[in-house]
Amino acid sequence: MHMTYRFFGKGFEFFEEGQEPKLSHKHQLKNVNFANYWKQNAGARIIVAGALNKEGIKNPAKAKRQILEQLEYINNFAAENSDHFAVAKTPVQLRGLVATTDKTIIVHSVEGARRLVNSQADADFWAEQGVAFMTLIHLRDTELGSSAVKPGFMMKLINLPGALKKQENRVGLTELGKQTISWLACAGIMTDITHMSDQCRNDALDYMEQNGIPPISTHDLYRPIQNHPRGLSRQQIIRIYKNKGFVSLPISGESLMPYKPESYYQNLIDTLSNHCVGSIDSYQLTYQEVKNLIESNYAEILGSKASNFSELSDAEKVCLSIGFQSDFNGWLNHSRPRYGKQGCFELEEGQHYEPIEIDGMPHPAYLESHWNYLENHGVDLQPVKRNAERFAQLWERFRSQGCR
Ligand SMILES: [Zn+2]
């Protein structure tokens, strides 16, 4: 949602039929998140809309007002277009909508909790608004903890104090950050540890483990391939699952481009003749490696005595699911094509191609093609398909467990 950044336009809306804007996969700073594309989108049934404040927000009343404005926009939009859209404010509503309608279901979240949760009553208020999870930290170090500084001039500029400090001198998760995680859990809201610095993430994992609060990471990367502060290490991923949480991976091939990868991955990419860096191939590689990591560690994660992964029950496999994250709100480019001028290979006549191979991912309607391509290339998407159930289960657990 973009009320805080009005240059993106009004927000989630329809373009008039026949007036479709010309879009490419290079759409940074352009909103491609048109409702037309989500209507009956075979590639995604349940979507999460993240409300966002300006990074430097200081005034709690203003912070609250601006998030409320965004939640209300979505609520009104769904009410006005109720043939196709519905908001689920509780896990019970979510399951009801899945079972009885074919609508696209929207769940609320908040990215960046700065100044929003100053007491248990505040956390309860956000739960009443239907917020399922909050991403505690965003792009800057705050009173809650420190943020991962991704390589690149802009990211350093946004979080200058964090970028200038020696890593070992940075605070991790503050006492207020810990308190906030507990307030949120008491209210039935999950904490998303995405965007945290390494130290903050480890502190959060320690604190959540000690307090029996499952962590989720909705759009961080995989350190062995994306070797920068936004990458989760193998051990961090295993800890998240051991503590009954899950990770979701960005689907954008650009976000998942290798960055100083382990030499094994660099060699692999160099020797694959049909691999196009920055396309869906970057998602495929990262997803498969994260999936292998999780599934090969099922015994440690679940405490299972099964002799191999396939012997696990469906319920156990659900606990090992992997979500996906799109970020179509205009801050990111998405996967580039595999073929043609913007891609890596020449198109060959008479060949059948998926739209995502020729156009990349210009907008959300291409999600279906994204999954089709992977399935046709033998990628096991069961962990992605199981993730909606896992999300609902965790939300239920938080809602029913309350304070601990
Ligand atoms: Zn983010």
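Does Ser282 fit the bill of being touching a residue at least 40 places away in the same chain (Cβ under 8 Å), within 19 Å of Pro224 (Cβ to Cβ) and more than 16 Å from the ligand (Cβ to nearest atom)? Quick ask: steps written out before the conclusion?
Details: touching a residue at least 40 places away in the same chain (Cβ under 8 Å): yes; within 19 Å of Pro224 (Cβ to Cβ): yes; more than 16 Å from the ligand (Cβ to nearest atom): yes.
It is true that Ser282 is touching a residue at least 40 places away in the same chain (Cβ under 8 Å), within 19 Å of Pro224 (Cβ to Cβ) and more than 16 Å from the ligand (Cβ to nearest atom).
Give Glu389, Glu357 a once-over and let me know the one that is part of a helix (DSSP H, G or I) and under 27 Å from Val110 (Cβ atoms). Explain how you work it out, then say what you get.
Values: Glu357 fails: under 27 Å from Val110 (Cβ atoms).
Of the residues listed, the single one that is part of a helix (DSSP H, G or I) and under 27 Å from Val110 (Cβ atoms) is Glu389.
Are there any pairs, at least 6 apart or on different chains, whose C-beta atoms fall under 7 Å, with the first in segment 127-140 and in contact (Cβ under 8 Å) with a residue 60 or more places away in the chain and the second of a type in the set (S, T, N, Q) and more than 12 Å from the ligand (Cβ to nearest atom), and if so, which?
Phe133/Thr191; Leu136/Thr180; Leu136/Thr191; Leu139/Asn159; Arg140/Asn159
Could you please find all residues in segment 67-90 being surrounded by fewer than 17 Cβ atoms within 10 Å (Cβ to Cβ) and in a loop (DSSP other than H, G, I, E, B)?
The answer is Ser82, Asp83, His84.
What pairs come out if I take residues in segment 212-241 that are of a type in the set (Ser, Thr, Tyr) and pair them with residues that are assigned to a loop (DSSP other than H, G, I, E, B) and more than 14 Å from the ligand (Cβ to nearest atom) whose C-beta lies under 6 Å away, six or more apart or interchain?
Ser233/Arg223
With Arg170, Arg201 as the choices, which residue is of a type outside the set (Ser, Thr, Tyr) and either farther than 16 Å from Ser217 by Cα or away from the ligand (no atom under 16 Å from the Cβ) (or both)? If you could, list the steps in order and put the result at the bottom.
Working: Arg201 fails: either farther than 16 Å from Ser217 by Cα or away from the ligand (no atom under 16 Å from the Cβ) (or both).
Result of the check over Arg170, Arg201: Arg170.
I'd like the residue in segment 290-349 that is of a type in the set (Ser, Thr, Tyr) and not in a loop (DSSP other than H, G, I, E, B) and, out of all such residues, is surrounded by the fewest Cβ atoms within 10 Å (Cβ to Cβ). Walk me through how you get there before you give the answer.
Kept after step one, since they are of a type in the set (Ser, Thr, Tyr), are these residues of segment 290-349: 296, 298, 304, 307, 310, 313, 321, 326, 335, 339.
Of the ones still in play, those that are also not in a loop (DSSP other than H, G, I, E, B) are 296, 298, 310, 339.
Values: Ser296: 12, Tyr298: 20, Ser310: 8, Tyr339: 19.
So the residue we want is Ser310.
Test Met196 against the stated conditions and say whether it is within 15 Å of the ligand (Cβ to nearest atom) and without any contact (Cβ under 8 Å) to a residue 24 or more places away in the chain. Can you show your working first?
Working: within 15 Å of the ligand (Cβ to nearest atom): yes; without any contact (Cβ under 8 Å) to a residue 24 or more places away in the chain: no.
No, not satisfied.
Just checking, which of Asn329, Asn297, Asn308 is polar (S, T, N, Q) and within 16 Å of the ligand (Cβ to nearest atom)? Break it down into steps so the answer makes sense when it comes.
Working: Asn297 fails: within 16 Å of the ligand (Cβ to nearest atom); Asn308 fails: within 16 Å of the ligand (Cβ to nearest atom).
Selected residue: Asn329, the only one of Asn329, Asn297, Asn308 that is polar (S, T, N, Q) and within 16 Å of the ligand (Cβ to nearest atom).
Would you please name the residue that is surrounded by the fewest Cβ atoms within 10 Å (Cβ to Cβ), looking only at residues in segment 141-156 that are within 12 Å of the ligand (Cβ to nearest atom) and more than 12 Å from Cys200 (Cβ to Cβ)?
Step one: filter segment 141-156 for residues within 12 Å of the ligand (Cβ to nearest atom), giving 147-148, 150, 155.
Remaining after also requiring more than 12 Å from Cys200 (Cβ to Cβ): 150, 155.
Values: Lys150: 20, Met155: 18.
Within segment 141-156, the match that is surrounded by the fewest Cβ atoms within 10 Å (Cβ to Cβ) is Met155.
Scan segment 364-396 residue by residue and report those that are among the aromatic types (Phe, Trp, Tyr) and either over 25 Å from Gly212 (Cα atoms) or surrounded by fewer than 18 Cβ atoms within 10 Å (Cβ to Cβ) (or both).
Keep residues of segment 364-396 that are among the aromatic types (Phe, Trp, Tyr), which gives 366, 371, 373, 391, 395.
Result: Tyr366, Trp371, Tyr373.
Collect the residues in segment 47-74 that are within 17 Å of Glu13 (Cα to Cα) and away from the ligand (no atom under 16 Å from the Cβ), keeping them in residue-number order. Talk me through it step by step, then tell me what you get.
Of all residues in segment 47-74, those within 17 Å of Glu13 (Cα to Cα) come to 47-51, 69-74.
Across segment 47-74, the qualifying residues are Glu69, Leu71, Glu72, Tyr73, Ile74.
Only residues that are crowded, with 23+ Cβ neighbours inside 10 Å and closer than 20 Å to Asn118 by Cβ: list them for segment 197-212, please. Talk me through it step by step, then tell me what you get.
The initial filter retains those residues of segment 197-212 that are crowded, with 23+ Cβ neighbours inside 10 Å, namely 197, 200-201, 204, 208.
Result: Cys200, Ala204.
Computed from the coordinates by the stated procedures, all read-outs in this text should not be read as laboratory data. Keep in mind the model is a prediction, meaning the values are calculated, not measured. Ideal geometry is used to build each Cβ from the backbone, glycine not excepted, and the neighbour counts take in all protein chains shown.
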